[in-house]
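Engineer: Shown below is the structure under consideration.
The values are calculated or read from the model by the stated rules, or taken from the named source; none is laboratory data. What you see is a predicted model, and the numbers here were worked out from it, not measured in a lab. Side chains included, ligands, DNA and RNA excluded: accessible areas come from the protein's heavy atoms. Shrake-Rupley method; radii C 1.70, N 1.55, O 1.52, S 1.80 Å.
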Amino acid sequence: MNRSKVVAIVTGAISLILALAYLLLVQFLDFRGEMLPAPQSQLLGAPPYTATLTGEDVNLIQNPCI
């Protein structure tokens, strides 16, 4: 066998190993079950964040070079 055939066989073997590892990983992640969203009960207790702008803040936003 010449060198190019050996490189092709080794590259193909590496490709197959990576493909099988990827399929096993996907199957494992899929086997864990349905993905559930985060619980909403913990989010409802937090007060909403509100910000108030003063006249000075508005001037800085409109003209940041001051």
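Engineer: Need the failing condition index for A13 against (1) open to solvent by 80 Å² or more (accessible area, probe 1.4 Å); (2) at pLDDT 80 or above; (3) not polar (S, T, N, Q), just the number.
Structural biologist: (1)
Engineer: Given the condition modelled with pLDDT of 70 or more, open to solvent by 100 Å² or more (accessible area, probe 1.4 Å) and in a loop (DSSP other than H, G, I, E, B), answer yes or no: does some residue in the stretch 47-61 qualify?
Structural biologist: The answer is no; no qualifying residue exists.
Engineer: Say we look at the stretch 16-46 and pick out the residues that are open to solvent by less than 100 Å² (accessible area, probe 1.4 Å) and under 18 Å from the mean Cα position of the chain (by Cα); which of these is modelled with the lowest pLDDT?
Structural biologist: Selected residue: A38.
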